[in-house]
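What follows draws every value from the coordinates through simple rules; no lab data is involved. Everything quoted here is computed from the prediction, not taken from an experiment. Cβ placement follows ideal geometry from the backbone for every residue including glycine, while neighbour counts extend to all protein chains displayed.
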Amino acid sequence: MTKPGASEIATHLRQDITRGDLKKEDRIPSERILADNFGVARNTVREALSRLEADGYVQTRPGSGTYVTYQPPADAANAIADASPLELVDARFALEPHICRLGVLHGRKQDFDELDALCRQMDDANGDPVAFALADALFHRKLAETTGNTLLIWIIGQINAVRSRDEWTRMTRLTLDDQTIAHYIREHRQILNAIRMREPEHAANQMKAHLETARLSLTRAAQA
């Protein structure tokens, strides 16, 4: 399987922080330990930590290490705790089509290559709902990062925190059969191809179609 890049490692650590697995003033494992855990070079880990620091999630203290500085506001934590999977999809409807448009404007070849690598991860995960769900979350996070808009990146991070809740995990098991996963993979490819072709409205419409599919799947599962 493809080794994770800096953005994937940053996303993984960011999710640990927003879920509360790593709390304010907790020390992040050393670069060496993280490099061993992810199977990457230390400079890749260093870039991931730099991204987190730029987003205000961590702070590197010379001679001491890297520490969590992020603390979610109480109202944000409550909103995440109370959100349902359908609310997650509806919130994404409000943001992700325009994120695709911005990705067309600001995306670089490196961004598209990383998105393509995540599509390949999804291909490898077909038949494994847990692995697919992780690659799916990383794909949508990377789309947000492609915009270069730190506020959008933060908002998408908050929305995706709902994925860590038990209700989301339960719905994932109910909805992600092999056929659905294969369909989602095709839709992710279509979104990426439209962005690569620099077609903003086509990319936005592909994202809307993808979210419609996800919402219909969740609605059916909720009614079952």
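Here are the numbers for the structure shown:
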read-out: About the Cα centre, charge dipole magnitude for the chain (Lys/Arg +1, Asp/Glu -1 at Cβ), debye; value: 340 debye
read-out: Rounded Å value of the spacing that divides the Cα centres of region 1-51 and region 85-99; value: 26 Å
read-out: Residue pairs, from the table 23/109; 3/208; 23/142, whose Cα atoms sit over 26 Å apart; value: 23/109; 3/208
read-out: Packing-based order for 207-215, 104-112, using average beta carbon neighbours within 10 Å, highest first; value: 207-215, 104-112
read-out: Region 100-189: relative contact order in percent, alpha carbon pairs under 8 Å with at least 6 residues between; value: 37 percent
read-out: R0 of 41 Å, Cβ-Cβ distance residue 32-residue 170: FRET efficiency to nearest 0.05; value: 0.65
read-out: Those residues of region 11-41 whose amide nitrogen sits under 18 Å from the label point placed on residue 64, 7 Å along Cα→Cβ; value: 23-31
read-out: With Cα atoms, 0 to 90° folded angle of helix 166-175 axis to the chain main axis; value: 40 degrees
read-out: Positive minus negative residues near residue 219 (Lys, Arg vs Asp, Glu; Cβ under 13 Å); value: -1
read-out: Listed residues 51, 32, 120, most fluctuating in the chain (Gaussian network, C-alpha, under 10 Å); value: 32
read-out: Taking the chain and dividing mean pair separation by its residue count, relative contact order in percent (alpha carbons under 8 Å, at least six apart); value: 24 percent
read-out: Added length on full extension, which subtracts the Cα-Cα distance from 0.36 nm per residue, residue 180 to residue 94; value: 28.6 nm
read-out: Helix-only CD estimate at 222 nm, as mean residue ellipticity for the chain, using -39500 (n - 2.57) per DSSP H run (n ≥ 4); value: -24000 deg cm²/dmol
